[in-house]
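Participant: Sharing a structure, written as structure tokens. Questions coming.
The values are calculated or read from the model by the stated rules, or taken from the named source; none is laboratory data. Quick caveat: nothing in here was measured; it's all calculated off a predicted structure. Methodologically, a virtual Cβ is constructed for each residue, glycine included, from the backbone with ideal geometry; neighbour enumeration extends over all protein chains shown. Areas reflect the complete protein model, heavy atoms only, side chains present, ligands, DNA and RNA absent. Shrake-Rupley method; radii C 1.70, N 1.55, O 1.52, S 1.80 Å.
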Amino acid sequence: KMTQQMRDLQLAQARKPPGPSSPNAAKRLYRNLSGKFRVNYTSFDEGSLVGRGEKEKLRKSYLFQSNAALFEAVELQDLDRVQDLLKHYSPEELDLNTPNSEGLLPLDIAIMTNNAPIARALLQAGAKESPHFVSLESRSLHLSTLVREAEQRVNELMAQVVNEAPNADCSDKEKQLKAWEWRFRLYKRMKAGFEHARVPDAPSSVHLSVASSSSLQVTFWEPLSVNSAVVTKYKVEWSCSPTFSPLLGEAVIDKLKDLHFTIQGLVSGTAYHVRVSAYNMKGWGPPQASTPPFAIPSNWREYDGRAPRRRGQAEALDHLLGQVKTVHQHCICHEPCKNQPQSRKHSVSKSLKHLFHPGSKFLKTLKRGLYLTAIFYKDDNILVTHEDQIPVVEIDDTYSCLLMQDFLWFTKVSCMWDEILWLRQCVTVSQSSCSCILQTRFKMLLAISQMQGLLGIQDLGQVFFEPIKDKQGNILIVTLKEVKTNQTFESVRWVPICKLQTGRKSVSSPEEPTALDTLLISVQDKLAYHQRSSHALSPGLYLGYLKLCSAVDQIRVLVPERLPNILCHVKIRSNPNISREEWEWLQKMASVEEPVPTEPEADTSQNPLFQELQVAIKELMTLVNIPLQEAKDFRLYSQEVLDFGDQVSFLLLLPPSDDVCTAPGQNNPYTPRSGFLTLPLQIFELGEEG
């Protein structure tokens, strides 16, 4: 079939718009594509097109030309152009796996010219080899046919050029002759590349690890040899026998962006042997056995049959909250406030009237008191009032109670933005009490309702970990929320942050700025904190460092600024699972009160976890600025592995018991370098849960 296509090349080109047939034509086409095709074709003026049909024809024409440009870039071995086309077009737009008229795919040309960089770029984009080459013989025959017919075409054109008198037709024939001479050389190079290639060597390394109680993780690396053809796929095989007879299963991996594979559905407690082999156009190479030679699917919980710590906790809390709501539906707090003392009834009535009065609006300036501000941001813009002020409402203008207790309570309320009305109804019954704390907390709920009403949105976001104070007696509680969709807000508008900062006229001196001025000056830092707080760790096993410090009214925990929702940490490995055998070794080390492993030992040199912990502990000690010799007095928390979902787990490194928490006034000889901060423990717990 391919032979007939080559013989009828002109007919094939008549059916399909011709691509460039020479290097110069390819360069011209690519230059045109570079400017034209980076424009989204949906942005063309609809009026300039006769109809949807013509628009679709134009789109297909562009995509065909981009496909032709990719073929030519691969044939010219132009890596930069190949990468640029793969960057600006999807595999579907490029027809990456559609054969050309010669029955070849871009990947076929790359591997048969032994251009490894282009082949790897194509493989990572999802390119595949032509399905026509079902055997070595079929590939060899196809290449021989392409070479023979190209040579025949060159001879025919050369004879025509020699025999014909110089004219326009002769000039066209000379161009065709040059194009076919170039293609003839290409096919000969591809044929020679195929004939000199050999099967690939075994993968240079195969690492086997326990992924769970029913799965194993296989990670492998390319063969070291550079003389064989490009590897296009790998095969993973597993068996309970070291001879791999019988074979229990195999998997072929042809997506080579990440060279790893997880074997699922295995039996816990059973040993499995694994090996991996590589494939190129000459066939499969020899297999490489894994290191270690076998592994047993397991999990550390199997050591003592422990259930996950968080199993059913969320459901139990939801059930408990439902019970509380049911009880409160029949409570006096949901009845009219007729039984309240007259003075309190008047006060509450006044507050409610103020809340829903048309004059309720955001504050422009602060007086002495406690306030709430909500920062909503999107990209480099921030929501402000029509007076170009950050939204602020008053909580209490006579605030004098202990702030930290109320502030931590407020942070817990932020987990229930949708339940504020219900919480207000529940707290109302306590207004007859003289408790300053309850009075303040009720006012907090009123301020939240007022902010929600003025903005027209329930979710006010995450509370910043500390309030802003000034010397004038103002205290500002800040909430932060990133807006990722086109939400509609009431009484506010978007402005660039830089414009807000440069346009605001400060009403305070630089030496004693107000809380609002301090907020405006540091708003980028607070937005950066909020964004970093929502970042997640990549899958893996981590070593965390637990360090606390106490004050009169709170306990604070040391965290890194780049990820303030996680303890100080370093990554041990990409596999988050701790196997039963590894946990048994950790328990043994803890039972004899051995120091944490900072130096190699002869009997544990073959223990991968031991070696990984050595590296991680040294890295962590450097990170938190503690001399390595001090780590000998540290210990690993051996009660459990901290699992955060299925993809992230932590081992904890603890200082000596007397140094876990630094008391007020106690000297800490090892101060962490820059890049760390201390969060109130309750704030950290809320962030970690999030």
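Participant: Here is a check on your reading of the model: is Asp517 over 28 Å from Leu567 (Cα atoms), in the same structural domain as Asn381 (by the TED database) and either outside any strand (DSSP E or B) or without any contact (Cβ under 8 Å) to a residue 24 or more places away in the chain (or both)?
Facilitator: Considered against the rule, which asks whether it is over 28 Å from Leu567 (Cα atoms), in the same structural domain as Asn381 (by the TED database) and either outside any strand (DSSP E or B) or without any contact (Cβ under 8 Å) to a residue 24 or more places away in the chain (or both), Asp517 comes out as yes.
Participant: Okay, next question. What tally of residues in the range 206-215 results from selecting those that are under 17 Å from Asp258 (Cβ atoms), in contact with a Ser or Thr (Cβ under 7 Å, 6 or more places away or on another chain) and open to solvent by less than 50 Å² (accessible area, probe 1.4 Å)?
Facilitator: The qualifying residues number 4.
Participant: Oh, and also: Among the residues of the range 436-479, how many are open to solvent by 40 Å² or more (accessible area, probe 1.4 Å) and not in a helix (DSSP H, G or I)?
Facilitator: Qualifying residue count, the range 436-479: 8.
Participant: Same structure again: Between a residue in the range 640-658 that is open to solvent by 20 Å² or more (accessible area, probe 1.4 Å) and any residue that is assigned to a strand (DSSP E or B) and of a type in the set (Phe, Trp, Tyr), which pairs come within a Cβ distance under 6 Å, given they are 6 or more apart or on different chains?
Facilitator: Hits for this filter: Leu642/Phe650.
Participant: Please state which one of Gln340, Gln389, Gln329, Gln439 is modelled with pLDDT under 50 and not hydroxyl-bearing (Ser, Thr, Tyr).
Facilitator: None of the other options fit; the residue is Gln340.
Participant: OK, next. Can you name the condition, by its number, that His535 falls short on among (1) in contact with a Leu (Cβ under 7 Å, 6 or more places away or on another chain); (2) open to solvent by less than 70 Å² (accessible area, probe 1.4 Å)?
Facilitator: Among (1) in contact with a Leu (Cβ under 7 Å, 6 or more places away or on another chain); (2) open to solvent by less than 70 Å² (accessible area, probe 1.4 Å), the lone unmet condition for His535 is (2).
Participant: If you don't mind, another one. Please verify whether the range 267-277 includes one or more residues that are without any contact (Cβ under 8 Å) to a residue 40 or more places away in the chain and open to solvent by 50 Å² or more (accessible area, probe 1.4 Å).
Facilitator: Yes, because at least one residue in the range 267-277 is without any contact (Cβ under 8 Å) to a residue 40 or more places away in the chain and open to solvent by 50 Å² or more (accessible area, probe 1.4 Å).
Participant: Would you pick out the residues in the range 498-510 that are out of contact with any Pro (no Cβ under 9 Å at 6 or more places or on another chain) and at pLDDT below 70?
Facilitator: Arg504, Lys505, Val507, Ser508, Ser509, Pro510
Participant: Return yes or no: is Val495 hydrophobic (A, V, I, L, M, F, W, C), farther than 21 Å from Leu679 by Cα, in a strand (DSSP E or B) and in contact (Cβ under 8 Å) with a residue 12 or more places away in the chain?
Facilitator: yes
Participant: Sticking with this structure for a sec: Are any of the residues in the range 249-264 within 30 Å of Gln639 (Cβ to Cβ), open to solvent by less than 60 Å² (accessible area, probe 1.4 Å) and assigned by the TED database to the domain that holds Ser213?
Facilitator: yes
Participant: Please tell me if Asn575 is at pLDDT below 95 and touching a helix residue (DSSP H, G or I) at 6+ places or on another chain (Cβ under 7 Å).
Facilitator: no
Participant: Looking only at the range 268-287, filter to residues that are in contact with a Lys or Arg (Cβ under 6 Å, 6 or more places away or on another chain) and not in a loop (DSSP other than H, G, I, E, B); which one of those is nearest to Ser204 (Cα to Cα)?
Facilitator: Only one residue fits best here, namely Ser277.
Participant: Before we move on, is Asp553 of a type in the set (D, E, K, R), open to solvent by 20 Å² or more (accessible area, probe 1.4 Å) and in a loop (DSSP other than H, G, I, E, B)?
Facilitator: The answer is yes for Asp553.
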